[in-house]
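Note sheet for the following structure.
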Amino acid sequence: STAAALEHFTVNFTITNLPYTSDLENPDSAKFRATRRVMNTLLDRLLKQSSIGPAFQGCATTDFRYGPGSHRDETRVDAVCTYSKEASAAPLDRVGLYHEVSNKTRGITQLGPYSLDKDSLYVNG
């Protein structure tokens, strides 16, 4: 049998009700750490319920950035997610996963307490 390899994919989206502050630029700040923890939990919960659920290992939020342009009233989230892929398995179905995430976030409008920009979601793209 062939070993599964850990593969990564990115998830990016914009939160419209989380103002971007300098705290979110600093990975050592309490606000960055707390927001990252919540984000990782929400993403993990979301993807565990998706079609890649059994193979899903977890997401790590890597970065918070300004919203589109330089909107300080919005925050862009970058995360890297990991799953274990059997050698024989098909490559990640990013379109399918995008639709699943869309369905589970009410059409890319809500993730936990956060409101999302419905045009902002990218899965591995």
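The values are calculated or read from the model by the stated rules, or taken from the named source; none is laboratory data. In this text the structure is predicted, and so the values were computed from the model without any measurement. Don't worry about glycine lacking a Cβ; one is built from the backbone with ideal geometry, like all the others, and counts go over all protein chains shown. Only protein heavy atoms, including side chains, enter the accessible area calculation; ligands, DNA and RNA are left aside. Shrake-Rupley method; radii C 1.70, N 1.55, O 1.52, S 1.80 Å.
Using only the alpha-carbon atoms, how far is helix 94-104 inclined from the longest principal axis of the chain? Give it as 0 to 90 degrees, nearest 10.
Helix 94-104 and the main axis of the chain meet at about 60 degrees.
Rg over Rh of the chain, using C-alpha atoms and the Kirkwood radius, what does it come to?
0.99
When only DSSP loop residues count, what GluC sites (Glu not before Pro) in segment 63-125 have their Cβ near at most 14 other Cβ atoms within 10 Å?
Glu86
Rounded to the nearest 500 deg cm²/dmol, what is the calculated helix-only ellipticity per residue at 222 nm for the chain, with -39500 (n - 2.57) per DSSP H run of length n ≥ 4?
-8000 deg cm²/dmol
Which FRET efficiency value, to the nearest 0.05, is calculated for Arg65 and Ala4 with the Förster distance at 41 angstrom and r the Cβ-Cβ distance?
The formula returns an efficiency of 0.80 here.
Efficiency by 1/(1 + (r/R0)^6): what FRET value for Arg106 and Asn40, r their Cβ-Cβ distance, R0 = 22 Å, to the nearest 0.05?
0.60
Any chance you could look up the accessible area of Val80 with a 1.4 Å probe, heavy atoms only, rounded to 10 Å²?
50
At 1.4 Å probe radius, can you tell me the per residue accessible area of the chain in Å²?
55
Once R0 is set to 22 Å, what does the formula 1/(1 + (r/R0)^6) return for the Cβ-Cβ distance between Ala30 and Asp73, expressed as a FRET efficiency to the nearest 0.05?
The formula returns an efficiency of 0.55 here.
Provide the solvent-accessible area of Asp23, counting protein heavy atoms only and rolling a 1.4 Å probe, rounded to the nearest 10 Å².
About 70 Å², rounded to the nearest 10.
Separation between the Lys118 and Ser22 pseudo-spin-labels, each 7 Å from Cα along Cα→Cβ, expressed in nm?
Simple spin-label model gives 3.7 nm for this pair.
Please give the residues of segment 89-125, grouped as numeric ranges, whose backbone N is less than 17 Å from a label point set 7 Å along the Cα-to-Cβ vector of Gln49.
The answer is 97-116.
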